[in-house]
Each structure stands twice: as C-alpha cells, then as structure tokens.
C-alpha cells in the first residue's frame, strides 16, 4: 500500500483511518475536515487505497463548481454514468439510489480547486444522503456511502449533525510530540555520523515541530538551538511561507489562552468553535502531551521568545532528566556495593534534615549536591577524578534544567563525554 507524506506513516493518522474504516463498516458516509496544510487529495488517495484493499467497490467523482445540491446530484449521476433506457439521468438522491450495480463507496475530490460555495452545497447534500440511506437500509438494501475531505476554508463550513449513517471527523489530536519524534528519528538517524548530536537535536526538534512535522524542513539544518538570533528568523520566514500575519497569530494565541489548559488535555475529537478558524489555518493543534498548542512559528511572529525557549527546555528535559537521574542511581549503587548502605553519612552529611532522613532510609536518595560534597570530602573518592568530574557536570546540568534553563549542544556533549569517561570507575 502506498503512503503519502509524513503524516500517513504516523500512528495518529492510522487511527483516523481506522475510525473511517469503522464508519464504512457501519455503512456511514464520512465528511472529513482538514486544516489547510493537509492535502485533501492525498487523504482521498489513502482512504480509497485502504477501502479497496478491504474489498469495497469504489468510484471517484470530480467536483468543484456545483452551484446547488441538485448540481451535486447531477455530478454524481454523470460521474457514475447513470441514465435510464431513454437516456434520462436520475433526479435527486433517491433517483440515484434506484439504479442497480452501484459502487459501495463514492469518493468526491476536486473541491480544493473550486469555490467554497461549491463545498457548501456538497456538505448540504450529506444530510439528504443520510436520510436516503435510512430509507434504503429500512428496505433491506445496503446504503451507498460518500466520502468527502475538505480542507482550509471548506473545513469551516457548517456541517450536518452526525447520524446513524453519517460521520463527521476532524484532523485533530495528532501528530503528537511522540509521533513528531518518530519523524525526527527517521530523518536524523545517522545523518552526520554524530549519534549524540542527533539525539540532542531530536529532543529539541520534536518539541519545536510538534503538530507540524513539515517545520522540520526549515529547522533540521544543524545549529545550536540556544542561539535565538538564528532560530527566530527561520521561524518567522516559515510563518511567511504559510501566509500567516502577526494579527492572525495574535487571534490564535487569544483563542488558545481562552480555551484553558485542562480542557485542552481532554481527548476531544474536534476543535472547539473558538479555535476552529485558527485550526483551519494550521496555527493551532492538539497534542495528547500538551493539550491545545499554538504553532511555534506563530510564537515567533509574536516575539514570544520565552515560550519558544520553554519548548526547547521541555524537549531537553524529556531526554536529560531521566538520563541524569539514571547516572546518579548507578553511582549510588556502586558506592553501596563498595562501602555499604551507610556510605552517604560516612564522609559528609546532606544539607537538609529532610535529605538526612531520606538517605538514612535509602542510600539511593543521595542527591547531586550531597554526592559532590562526599567526593570533595573523601581523599579516596577524589582519586576517582573522572567520576568526580562527571558528578560536577551532571549536577550543573541538572540545576540548570531545574531552573528552566536550556542546555547548549556543547554542554550536552561535555556531559555525555564526562559520563562516558566515568563508566570505567563504576
């Protein structure tokens, strides 16, 4: 099966495909609404390929300039080549459904090339089609399904209410940060022969590009992301390519702010009404990890450097904090094996009473500051110079991260070298 673009390989898109296929299994027509950067034609290709693999007989209708629902019906009749023995084409939905040898699924494409008014007539047809599907099912016949994907301004049209034979779906809730990281891993793996740099860049890029893997094309060229003077112009240029203005970014930011973080973390299947215009333009998206999020390039348009730095920090924290703490635990286990469980109190005590009680109960509770003091106080441990250096470096990085400061590539590389050099002593 062919796959189109980055999104089609992601679990979130596959989940959306599965929901659509479940709707087809329930004999529902499907209206899918997309933000403007998602090509409707490619989505139609994907859905048709999957439907045909599952044995559905499909036909496509080329639409785009219909000026009424009746014209939409005529387009379907013409596209399917329907006419009676006298050469007359059917009138109305029931007229189409009266013919024999109809396909299981009709896919409508071409509306992204036509006026929004044509898309409005097609969405209006879906309600009538659902009612006709009820009648057809009640008479023991299988309903004929429609599939239509609308992007951008077409996705903002009023849509019919979901029905027993009609589903309305949205491109919403993906790509997640995890899925964006999967794209980064694929794009960056072994690219420059520097796996540590790739790991660091992957953590940063997946956080900056969450919701829009296409931003990787702009940001994947190597540089130190702690240099905002290099990053901001690239993000602003990307916003220009997408046609976003500062005013539009500001409206999107206010919509996100009004939505609320807790509500944003809910697994809603569609954007709220206040978010929908910004969602259709690609400025706003939902991730399971962070809820409703404003595009990083929109933050750049608004000169919100601190918010961009926080995204960089969040990506780095996901990588570095577990890595550093795992290293701390290995040091604690090494010292326990060599000196017994009471080693945290052998050379120097911790700075607080709370830490003292913790290390009395569990030697693994010894924190970086206490470890540094122990190595400084013990002549025997000071001979383990690489390990002491690694402790000081890990403590520095951990403290920087604890204060929401980003870590440069050079600091990350130095940390990894120090940890590697210390392995011989563990």
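Remarks
- Within region 158-176, the set of residues being under 24 Å from the mean Cα position of the chain (by Cα) and modelled with pLDDT of 90 or more comprises 167, 168, 169, 170, 171, 172.
- Those helices (runs of 4 or more DSSP H) of region 203-304 in which at least 2 residues are within 22 Å of residue 187 (Cβ to Cβ) and modelled with pLDDT of 90 or more, considering only elements entirely within it, cover 228-241, 296-301.
- Residue within region 140-156 that is over 35 Å from the mean Cα position of the chain (by Cα) and in a helix (DSSP H, G or I) present: no
- In region 307-329, the count of residues that are exposed (fewer than 14 other Cβ atoms within 10 Å of the Cβ) and more than 28 Å from residue 408 (Cβ to Cβ) is zero.
- Residue in region 390-407 that is closer than 17 Å to residue 325 by Cα, at pLDDT below 95 and surrounded by 16 or more Cβ atoms within 10 Å (Cβ to Cβ) present: yes
- Flag if residue 64 is in contact (Cβ under 8 Å) with a residue 60 or more places away in the chain, under 34 Å from the mean Cα position of the chain (by Cα), closer than 23 Å to residue 171 by Cα and surrounded by fewer than 19 Cβ atoms within 10 Å (Cβ to Cβ): no
- Inter-residue pairs, beta-carbon under 6 Å, first assigned to a helix (DSSP H, G or I) and in region 311-328, second surrounded by fewer than 17 Cβ atoms within 10 Å (Cβ to Cβ), 6+ apart: 313/404
- Members of region 339-364 that are in a helix (DSSP H, G or I) and surrounded by fewer than 17 Cβ atoms within 10 Å (Cβ to Cβ): 339, 345, 353, 354, 356, 357, 360, 361, 364
- Residues of region 138-150 include at least one that is farther than 19 Å from residue 171 by Cβ, surrounded by fewer than 15 Cβ atoms within 10 Å (Cβ to Cβ) and touching a helix residue (DSSP H, G or I) at 6+ places or on another chain (Cβ under 9 Å).
- For region 30-58, a residue qualifies if it is buried (at least 16 other Cβ atoms within 10 Å of the Cβ) and more than 26 Å from the chain's Cα centre (by Cα), and the qualifying residues are 56, 58.
- Where residue 136 falls short, out of the listed (1) assigned to a loop (DSSP other than H, G, I, E, B); (2) under 23 Å from residue 162 (Cβ atoms): (1)
- Condition broken by residue 15, with the remaining ones in (1) within 30 Å of residue 185 (Cα to Cα); (2) surrounded by 17 or more Cβ atoms within 10 Å (Cβ to Cβ) satisfied: (2)
- With respect to the conditions (1) assigned by TED's automatic domain parsing to the domain that holds residue 88; (2) crowded, with 19+ Cβ neighbours inside 10 Å, residue 164 falls short on a single one, namely (2).
- Restricting region 271-295 to residues that are within 12 Å of residue 253 (Cβ to Cβ) and touching a residue at least 60 places away in the same chain (Cβ under 8 Å) leaves a set whose member that is surrounded by the most Cβ atoms within 10 Å (Cβ to Cβ) is 295.
- Region 405-423: number of residues that are part of a helix (DSSP H, G or I), touching a helix residue (DSSP H, G or I) at 6+ places or on another chain (Cβ under 8 Å) and more than 20 Å from residue 343 (Cβ to Cβ): 10
- Verdict on residue 211 being assigned by TED's automatic domain parsing to the domain that holds residue 197 and in contact with a strand residue (DSSP E or B) (Cβ under 9 Å, 6 or more places away or on another chain): yes
- Tally of residues being assigned to a helix (DSSP H, G or I) and either without any contact (Cβ under 8 Å) to a residue 40 or more places away in the chain or over 33 Å from the mean Cα position of the chain (by Cα) (or both) across region 382-404: 15
The values are calculated or read from the model by the stated rules, or taken from the named source; none is laboratory data. For clarity, every value in this text was computed on a predicted model and none was experimentally measured. Virtual Cβ from ideal backbone geometry, glycine too; neighbours counted across all protein chains shown.
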